[in-house]
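> What follows is a single structure, and I will ask about it in a moment.
The values are calculated or read from the model by the stated rules, or taken from the named source; none is laboratory data. Remember, predicted model here, so these are calculated numbers, not experimental data. Heads up, the Cβs are rebuilt from the backbone with ideal geometry, glycines too, and the neighbour counts pull from every protein chain shown. Side chains included, ligands, DNA and RNA excluded: accessible areas come from the protein's heavy atoms. Shrake-Rupley method; radii C 1.70, N 1.55, O 1.52, S 1.80 Å.
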Amino acid sequence: MSNAHRQIEHAYRIAQERYAAVGVDLDRALERLAGIAVSLHCWQGDDVAGFENLGEAIGGGLAVTGNYPGRARTPEELRGDLEKALSLIPGTHRLNLHASYAETGGHRVERNALRPEHFRGWIDWAKAKGIGMDFNPTFFAHPKAADGLTLTHPDRGIRAFWIDHGIACREIGAAIGRELGSACITNVWIPDGSKDTPIDRKGPRELLARALDLVFAEPIDQRHSRDAVECKLFGLGSEAYVVGSHEFYLGYAIKNEMVLCLDAGHFHPTEVISDKISSVLTWLDEVLLHVSRGVRWDSDHVVTLGEELVAIAQEVVRGDYLDRVHIGLDYFDASINRVAAWVIGTRNMLRALLLALVEPTPLLRDQEAAGDRTGRLALLEELKGFPFGAVWDYYCLTKGVPVGPAWLEEVRAYERDVLARRV
Ligand code: RNT
Ligand code: ZN
């Protein structure tokens with residue numbers, strides 16, 4: 001055993017004593033953390049470009065900024081980059097794929113004609129890696145979405161096209177789940193909205209309800225696939241009105257017993273999703289999280305270990321919701337090394353979960369129940385100085401991934417040997 005290794009174990013033993021004093025079993029916390037899969041979004045690796053090469057802007061109010069070299073341009077490159085990232089993240093995770101990442105062998109396959117076989121490469125890859133997958137229809141970056149309208153387009157033919165895309169994607173999601181033996185969450189997000197104040201807010205919502213009813217008409221085996229819907233408050237070009245608002249989809253998901261997706265960047269800047277988790281789970285079985293970081297707006301910055309991230313993890317853990325909350329990431333930063341962006345965000349999500357798992361929640365709950373608000377605040381603040389870093393380091397060590405910033409060396413080597421050669 002190396003000296004560094006011994007030091008990490010020693011620090012962990014000391015941490016165990018500190019945490020045991022407040023009733024926390026660290027081994028148990030790490031066991032629970034190892035059981036949590038975070039769904040890594042494929043789109044961080046290539047700036048949401050996908051492989052269709054339609055020459056369309058992403059559109060849909062999404063914006064990727066930055067021109068860091070080394071973007072993945074092919075499925076092989078993207079899978080290689082994902083493998084690098086996954087090798088630096090402790091635990092077993094999932095892949096979240098968009099329909100625009102289909103592999104069609106150089107042939108143009110319309111989005112309403114996509115089939116599970118167009119995702120064979122991804123499914124085989126996930127199978128070989130022993131990871132589950134999640135899926136998303138792509139209602140943007142397409143000529144038929146050029147005006148930012150899809151399922152609520154005034155043109156009936158265009159609406160039908162997107163309805164068929166949604167139906168095709170549900171079948172793909174179900175096939176993915178069946179093949180991988182792990183339920184695939186298929187998440188619908190559409191950009192539809194308007195830049196300026198509309199007269200008719202009601203009509204598009206009625207259209208959307210009707211379109212969704214058609215997309216979700218066919219029952220799907222819940223063991224293989226779950227349907228999720230994702231709301232938004234505003235986007236670039238849909239500042240005044242978004243058809244699929246929170247109230248719209250919350251109602252729709254409750255009525256139809258679906259999964260609701262809460263994206264951390266999709267609300268008013270002072271509104272947080274951590275407080276929504278226990279509210280919506282009172283009425284719904286499951287939620288999907290799109291963990292993101294908005295800076296002043298839904299800017300999709302790399303997730304950092306900040307207050308809201310920790311609050312999200314605390315809500316999931318304190319509420320005992322780990323089997324009802326699916327955790328996915330959703331950000332895209334093209335201004336830094338993209339593999340590093342995955343590693344930073346995912347390791348942060350896991351660190352937040354670990355922070356929540358090593359909290360002496362029963363003790364805090366007792367204080368709260370007894371009206372001891374002083375004790376609750378004092379303990380919460382003292383916990384911030386507990387040797388949490390030693391617990392995380394030990395976890396990384398036992399999972400065979402680099403401890404501390406050492407992973408960056410591996411990303412730099414990968415950049416030198418692989419990314420920098422992509423010209
Ligand atoms: C957009 C939504 C959506 C997308 C991805 C690419 O505002 O957050 O989830 O980011 O599907
Ligand atoms: Zn999202």
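> Taking Cα atoms, how many degrees apart are the long axis of helix 246-256 and the longest axis of the chain, rounded to 10 and kept between 0 and 90?
It works out to around 90 degrees.
> Give the peptides 278-290, 336-348 in descending order of average Cβ contacts within 10 Å, highest first.
Working: 278-290: 17.4, 336-348: 23.6.
Ranked from most to least packed, the peptides come out as 336-348, 278-290.
> How much net charge surrounds D330 when only the other residues with a Cβ under 12 Å from the Cβ of D330 are counted, with Lys and Arg +1 and Asp and Glu -1? Numbers along the way, then the final one.
Numbers: positive: K232, R293; negative: D134, E230, D263, D298, D300, D333.
Neighbourhood net charge equals -4.
> Got a sec? What order do F119, F216 fall in by accessible area at 1.4 Å, biggest, i.e. largest, first?
Ranked from most to least accessible, the order is F216, F119.
> Under the Karplus relation 6.51 cos²θ - 1.76 cosθ + 1.60, θ = phi - 60°, what is the ordered set of whole-Hz ³J(HN,Hα) values for the stretch 304-316, x standing for Gly and Pro?
Calculated HN-Hα couplings, in order: 10, 7, x, 4, 5, 4, 5, 4, 4, 4, 4, 4, 5 Hz.
> May I pose another question? Suppose the Debye formula is applied to equal point scatterers at every Cα of the chain; what is log10 I(q)/I(0) at q = 0.09, 0.14 Å⁻¹?
-0.57, -1.33
> Still on this structure, please answer the following. Residues with amide H under 5 Å of V358's amide H, sequence separation 5 or more or different chain, H placed in the peptide plane at 1.01 Å from N; which?
none
> Thinking of the stretch 286-393 as a set of Cα atoms, what percent of all their pairs are more than 22 Å apart?
I get 40 percent for the Cα pairs in the stretch 286-393 exceeding 22 Å.
> Same structure again: Highest mean first, how do 238-246, 399-407 rank when packing is the count of other Cβ atoms within 10 Å averaged over residues?
Top of the packing list down: 238-246, 399-407.
> Just from its helices, what would the mean residue ellipticity at 222 nm be for the chain, if runs of 4 or more DSSP H residues each count -39500 (n - 2.57) and the sum is divided by every residue, rounded to the nearest 500 deg cm²/dmol?
-13500 deg cm²/dmol
> What residues have an amide H closer than 5 Å to that of I327, excluding those fewer than 5 places away on the same chain, when H is modeled at 1.01 Å from N in the peptide plane?
Placed amide hydrogens put S39, L289 under 5 Å from I327.
> Can you list the residues, at least 5 places off or on another chain, whose amide H is less than 5 Å from the amide H of S225, using H built in the peptide plane?
Distant-sequence amide H within range of S225: C184.
> Now a separate question. What is the Cα centroid distance between the stretch 38-79 and the stretch 241-274, reported in whole angstrom?
The two parts, judged by their Cα centres, are 25 Å apart.
> Output the 0 to 90 degree angle, nearest 10, between the alpha-carbon long axis of helix 407-417 and the longest principal axis computed from the alpha carbons of the chain.
Roughly 50 degrees, rounded to the nearest 10.
> So for R201, R108, R32, what's the accessible-area order with a 1.4 Å probe, most first?
R108, R201, R32
> Any idea what angle helix 388-398 forms with the longest principal axis of the chain, computed on alpha-carbon atoms, 0 to 90 degrees, nearest 10?
The two axes meet at around 70 degrees.
> Would you kindly derive the ³J(HN,Hα) couplings of the stretch 57-64 from the backbone phi angles with the Karplus curve 6.51 cos²θ - 1.76 cosθ + 1.60 (θ = phi - 60°), listing them in order in whole Hz, with x for Gly and Pro?
Calculated HN-Hα couplings, in order: 5, 4, x, x, x, 8, 9, 10 Hz.
> Further, regarding this structure: Can you list the HN-Hα couplings for the stretch 37-49, worked out from phi with the Karplus curve (6.51, -1.76, 1.60; θ = phi - 60°), rounded to whole Hz and with x for Gly and Pro?
For the stretch 37-49, the Karplus curve yields 9, 9, 8, 7, 7, 4, 6, 5, x, 9, 6, 6, 7 Hz.
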